[in-house]
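For reference, the structure discussed in these notes is given below.
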Amino acid sequence: MEWQGVEIELQVPCAEGKKHPVRLRITGWGEYEVVHNPCAELLGEALARMAPCSHYLQERKWWTRDSSLRKRVVDALSQAGSPAVPALIQALGDGSSSVRSAACEALVEIGKPAVPALIQALGDGSSSVRSAACGALGRIGAPQAVPALIQALGDGDWQVRKAACEALVKIGKPAVPALIEKLRDRNDDVRAAACEALVKIGKPAVPALIQALEDGDSSVRAAACGALGAIGGSQAVPALIQALEDGDSSVRAAACGALGAIGGSQAVPALIQALGDGSSSVRSAACEALVEIGKPAVPALIQALGDGSSSVRSAACEALVEIGKPAVPALIQA
């Protein structure tokens, strides 16, 4: 069955400055038919064509000047499904960025047939439209959008880069290398979005994050530690233990935090050793990590009470106090 368009109601000015509703059928972007005009019933078709309301519709100022009306049309078209795609794609060329953004969101309902147009919208002159296009592509989850979304990670507007990161979460493993690259972005929000995206992707991102622990940028190495800790799992523990020897104290501290978040006894000896680190922030992070690990760390912490360094002895004592009751039997035995 041929598509008949979507209907909307519009208040139009008529005689004596009064307004009345007219029902229109939108058959394309900016194309319409009059479904019902009450003046036609009162005056007949011929006279109604000379009425002020008809002239108002013919002038089309109601369309060009009212972006809120065009957004209403976008909403109506989104409910029509695939037959409305050509009109919605035309809406991506509207003069109003808010209408173009609304068209991006509406095309989510259409799904994969809308992907090429949304990819093209990533080149829009408005950052809000580019952000909306990223969001739409992420919600659709189309793999063919990955190259364009990766390119959007280099957008001049940080909000677009952030939206691209969030969109790539749905793409998963193929997006991981580009997200790791964004861990060195100059904007804090983008780096945070990339890290959050990697955490949400989860285990498929772990091998690449382990590799990122060798990155030349210390901020990338630290962020990779944080992401690995948030994802969890023992796969990353050996690499995080190795990161405790990193030349940058922020990376060593992040590795401590990650090992504490993952837990388990495997990292305890290395964390005990980190209690003697030259950086107070690393020593503090190691202490907190051992507290997180809890009971499995108690024997090694008791042994550390006899360490030659007073700072290590103090940190071990503090950790045992924080662990609390689970440490008491071993302390009594000691």
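Values computed for the structure shown
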read-out: Cysteines not pairable in the chain (beta carbon separation under 4.7 Å absent); value: C39, C104, C134, C165, C195, C225, C256, C287, C317
read-out: Estimated inter-spin distance, Q211 and R313, nm [label 7 Å along Cα→Cβ]; value: 4.7 nm
read-out: Cα coordinate range in region 155-230, projected on the principal axes (Å, largest first); value: 29, 25, 18
read-out: For S265, solvent-accessible area (1.4 Å; no DNA, RNA or ligand), Å²; value: 70 Å²
read-out: Stretch in the chain that is longest and holds no trypsin sites (Lys or Arg not before Pro) that DSSP places in a loop and that have at most 11 other beta carbons within 10 Å; value: 187-334
read-out: Accessible-area composition of the chain, carbon plus sulfur, in percent [1.4 Å probe]; value: 50 percent
read-out: Structure-based [θ]222 nm, the chain - -39500 (n - 2.57) summed over DSSP H runs of at least 4, per residue, nearest 500; value: -17500 deg cm²/dmol
read-out: Region 52-181 shape via C-alpha gyration tensor axes, a/c threshold 1.5; value: prolate
read-out: In region 188-252, the GluC sites (Glu not before Pro) that fall in loop regions by DSSP, at most 16 other Cβ within 10 Å; value: E214, E245
read-out: Net charge over other residues, Cβ less than 9 angstrom from the Cβ of S78 (K, R count +1; D, E count -1); value: -3
read-out: Neighbourhood net charge (14 Å Cβ-Cβ; Lys/Arg +1, Asp/Glu -1) for G111; value: +1
read-out: Distance from region 98-114 to region 294-328 (C-alpha centre basis), Å; value: 58 Å
read-out: Option label - semi-axes √(5λ) of the Cα gyration tensor in Å computed here, alternatives [x] 36, 24, 20; [y] 47, 25, 16; [z] 64, 19, 15; value: [z]
read-out: Cα convex hull of region 107-209 - mean projected area over all directions, nm²; value: 5.6 nm²
read-out: Total charge dipole magnitude, the chain, about the Cα centre, Cβ charges on Lys, Arg, Asp, Glu only, Debye to nearest 20; value: 340 debye
read-out: For the chain: accessible area per residue (Å², 1.4 Å); value: 48 Å²
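The values are calculated or read from the model by the stated rules, or taken from the named source; none is laboratory data. Predicted model only: the values in this text are computed from it and were never measured. We place every Cβ from the backbone using ideal geometry, glycine too, and count neighbours over all the protein chains shown. Side chains are part of the model used for accessible areas, which takes the heavy atoms of the whole protein and leaves out ligands, DNA and RNA. Shrake-Rupley method; radii C 1.70, N 1.55, O 1.52, S 1.80 Å.
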